[in-house]
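**Q** I'd like to ask some things about the structure below.
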Amino acid sequence: MKNTIFPSHLINPKNKDKKWISDFIRAAWKDYKESYPDGFYNAKDRYHETRMYMLGKQSITKYKKMLDPQKTANNDESWFNIDWSIVPIIPKFRRIALGTLRKSEYNVNAQAVDQLSKDDENKFYKDKSAKILLKEEFEKQGLSPEMLGIQDSDPATPEELEMHMKYSYKHRMASEVEQAIDLILSLNNFKQIRKEILEDIHDYGIGGYKEYFDSDGSIKVRRVNPSNLVVSYSTKEDFTDCHYIGEIQEMTISDLKQLAGDQFDEETYKAISEKHKTPRHGSQNQGTIVSNNYAKNYDGQRIEVLDIEFFSVNDMFFEERVNNKGNKVVGRTNKVKKNTKNKKYSKSSYKVVYRGKWIIGSDYFFDCELSTNMKRAKSSMSNTTLSYHLAAPDIYQMSTYSLGEQMKGIADQIQLAWYKLQNVMLRARPRGIMIEIGALENVPLGRGGKAMKPIDIIDMYSQTGNLVYRAVDEDGNPSQARPISELNNGIGNEAVQYFDIISRQIQLLRDIIGFNEITDGSTPDPRTLKGVATLAAESTNNSLSYIKDSEKNLIERLAYNLSLRVQDAAKQGTLSGYSKALGKNSIEFFSVDPDVNLHEYGIILEESPNEYEKEKLNRRIEQALQAGQINIADSLIVENTQNIKQAEELLAYKIEKNIQREEQKALMNQQTNAQLQQQAAVQSEQAKQQTIQVQAETKLALIQKEKELDMQMQERKYQFELQLEQLRTTGRIEQRKVEGQSRETVAKIKKPKGDEALPLDTDILE
């Protein structure tokens, strides 16, 4: 690498005039041309050839030379009567690869990352947390939560608030910036631009955008043609370490007049058209233009103009103050003043961008100046970026080796094999027979039979398949000659070999790109299992991921720089041109907010889920619905979440919350049942105790009653016995009277032998 002397950056910014800028441009052009012979603009012809291969339109001259250099040199093509059309294998694989890459769609997600926005976020969180706590207190006291200004859409629990802060919360400024970025991309037909960028990265190994303010104040985005790029040395695939980037624009003198205007007079324009016309197009007939006051006959002449941007370093003056919200802010000022109580001033070096245009090979420069509207983030005011954003996923030492270039050699092998296969097919002959006429001459049919003519024998063979011939020669010696031999002819093994070469090269293409017979449509078997097809598609995606990741990073950087452009446009009042699309409220919000340029955003591209991811998520949602783990409202929220990872996390959260809710419900039911069982047990025990008590009381009463009865019985028994004794006593008296009477009667009736009577036994009487 040769060392090119650039003008010094360490000079007074006032001395960085047109001459200083033009000296830098010359040095940059010399540095690029001498240092990177295979890079970008220097590789224009190679890029063009690659693109023609990718479209199936490469030159067939090289193939003719490979097949027969001598006859091709003599313009003799009679030896090859074949179809010279290009086999469209490469265009097919290119379309599939680009289609796979374009399936990845992104949503711009802007998050405010400055301290001012963080303070707003913390305030929002504290406010909602306080309302949730107060809501619970209000409900306990029977008061309406509406008194707090709580809406139905607000988080109802601390857990829901955490989910809202994680997935749904967005600062108002971030939402407005997202909307503005989407609008700018849409107005610039970004879908078509992205399609072209992917084609460039696939074919050339590099692609890029340029974002800038148009003359009317609108923000523009356009594709940069890699074959026109002039770039300083870079070690990174995103070129964020290079110090100049430019592009060569081929234009007419009429176009030049629109750009340069009165920076050149008419005589200069005429001199430019004569001395610096583009060699590749100078011989083309641009049409005859009549010279008059409005147009000159050289206005259609084409020239090449280098439009370039580069970094330098200047001094910047800052003013530190406190805004109306009490926050410390830092802004730019023209010069350092004396510090005051409320304001402090400082000086610092900062990166700036200079630009200029040069008619290549001439001494004519124009639009040489310090760039306006340089993009600066609040967190790094001393830094800025160029308006070009590039990506080269497989760059090495400033040379790209794209997927398209890897396919060129394979395309040549396929094409040559195809031509040779055609030649073999054209030279093929039908199956036939070879006849040894000597063996068929004068063949007798039996002893004394008439000899057959050879033609008759051939007819017999053709009609019947039977062959008669003479097995001895004229001298009677045995002959080894076969009278008729079959000739296979046809295409033969040579054609099979060429077809095999084509098949092997196609398989090599699949291996390089990462395709398989399922993803490239070679085997569209409807019976192919869905899981197998999914794995095949994932394999292809993994092979192309290096292009996908590089392009995603490119769009992310573009979106971030557009966010800075939007803030500058709002500050300068040029955002009003988008009022119809953005809405009056948004424009007023940008315009009124005094701190609009104090916000800083982190830009993240969220990839929209592909069909497989959507299907998998929907399947999980359906399973959760059937299992009763979520409800319809939950499913709608999850389905409308664009980020597939967030959607899965949200689904898991909803399922977990519902499971917790069901578990809590089951626990409450269990507790209720336990309480009921406890109450029943208590009641049962109470009833049992009451029964025992009643039984005891009954027993006691019974005992008492028994005692009473016993006493009554004793009393009655006593009375009875008393009465009985009385009766007995009365009975004895009466009995004794009776017994006395009876004794006297007995005595009278029976007298013993003696003088005295026998005594009566009174006990017996009793």
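Just so it is clear, none of the values below were taken in a lab; they were calculated from the coordinates. This is a predicted model, so every value here is computed, not measured. A quick note on method: Cβ atoms are made from the backbone with ideal geometry, for glycine too, and the neighbour counts reach across all protein chains shown.
**Q** Could you give me the ³J(HN,Hα) list for segment 350-360, computed from phi with Karplus coefficients 6.51, -1.76, 1.60 and θ = phi - 60°, whole Hz, x at Gly and Pro?
**A** 9, 7, 10, 10, 10, 9, x, 10, 9, 6, 4
**Q** Work out from phi, with θ = phi - 60° and the Karplus expression 6.51 cos²θ - 1.76 cosθ + 1.60, the ³J(HN,Hα) of each residue of segment 367-374, listed in order in whole Hz, and give x for Gly and Pro.
**A** 6, 8, 6, 6, 5, 9, 6, 5
**Q** Output the pairs from Lys166/Lys191; Lys131/Lys166; Lys33/Lys236 with a Cα-Cα distance over 23 Å in this structure; if there are none, say none.
**A** Beyond 23 Å: Lys166/Lys191.
**Q** Using 0.36 nm times the number of residues separating Glu266 and Lys699, minus their current alpha carbon distance, what extension gain do you get?
**A** 142.2 nm
**Q** Now for a different question. Based on the mean of other Cβ atoms within 10 Å per residue, sort peptides 91-98, 199-206, 626-633 so the most packed one is first.
**A** Top of the packing list down: 199-206, 91-98, 626-633.
**Q** When Leu403, Leu651, Leu625, Leu116 are ordered from fewest to most other Cβ atoms inside 10 Å of their Cβ, what list results?
**A** Ranked by crowding around the Cβ, least crowded first: Leu625, Leu116, Leu651, Leu403.
**Q** Under the classification rounded if a/c is under 1.5, otherwise prolate if a/b is larger than b/c and oblate if not, where does segment 371-425 fall, given a ≥ b ≥ c as square roots of the Cα gyration tensor eigenvalues?
**A** Cα axes put segment 371-425 in the prolate bin.
**Q** Return the Rg/Rh value of segment 156-256, two decimal places, where both radii are evaluated on C-alpha atoms and Rh is the Kirkwood radius.
**A** Expressed as Rg/Rh, it is 1.14.
**Q** Among 306-315, 667-676, what's the highest-first ranking by average C-beta atoms within 10 angstrom per residue?
**A** 306-315, 667-676
**Q** Residue by residue through segment 600-607, what is 3J(HN,Hα) from phi via Karplus (6.51 cos²θ - 1.76 cosθ + 1.60, θ = phi - 60°)? Round to whole Hz and write x for glycine and proline.
**A** These are the phi-based 3J(HN,Hα) values: 10, 10, x, 9, 10, 8, 9, 6 Hz.
**Q** Among the listed pairs Lys548/Lys571; Lys18/Lys375; Lys103/Lys571; Lys14/Lys343; Lys19/Lys548; Lys135/Lys571, give every one whose C-alpha distance is greater than 32 Å.
**A** Over 32 Å Cα-Cα: Lys548/Lys571; Lys103/Lys571; Lys19/Lys548; Lys135/Lys571.
**Q** Hey, another quick one. How many nm is it between the label spots at Ile96 and Gln683, if each spot is 7 Å from the Cα in line with the beta carbon?
**A** With each label placed 7 Å out from Cα toward Cβ, I get 7.6 nm.
**Q** Near Glu622, within a Cβ-to-Cβ distance under 12 Å, what is the net charge of the other residues, with Lys and Arg +1 and Asp and Glu -1?
**A** +1
**Q** Using r as the Cβ-Cβ distance of Ile360 and Ser218, and R0 as 35 Å, what FRET efficiency do you calculate, to the nearest 0.05?
**A** 0.75
**Q** Lysine pairs in segment 629-713 8 or more apart or on different chains: how many have alpha carbons under 25 angstrom apart?
**A** 7
**Q** In which sequence would Ser227, Ser380 go, from the one with the fewest C-beta neighbours within 10 Å to the one with the most?
**A** By the 10 Å Cβ count, ascending, the order reads Ser380, Ser227.
**Q** Output the relative contact order of segment 222-262, whole-number percent, from Cα pairs under 8 angstrom with separation of 6+ residues.
**A** Relative CO of segment 222-262 lands at 35 percent.
**Q** Just to confirm a number: summing +1 for Lys and Arg and -1 for Asp and Glu over residues other than Lys220 whose beta-carbon lies under 12 angstrom from that of Lys220, what do you get?
**A** +1
**Q** So which of Lys170/Lys351; Lys64/Lys195; Lys16/Lys347 end up more than 24 Å apart by C-alpha?
**A** Table pairs above 24 Å Cα-Cα are Lys170/Lys351; Lys64/Lys195.
**Q** Okay, next question. Efficiency by 1/(1 + (r/R0)^6): what FRET value for Leu508 and Tyr167, r their Cβ-Cβ distance, R0 = 41 Å, to the nearest 0.05?
**A** 0.35
**Q** Considering Cα pairs under 8 angstrom that are at least six residues apart, work out the relative contact order of segment 336-413 and quote it in whole percent.
**A** The value is 20 percent.
**Q** Based on the Cβ-Cβ distance of Ser254 and Lys195, what FRET efficiency does E = 1/(1 + (r/R0)^6) give at R0 = 30 Å, to the nearest 0.05?
**A** 0.50
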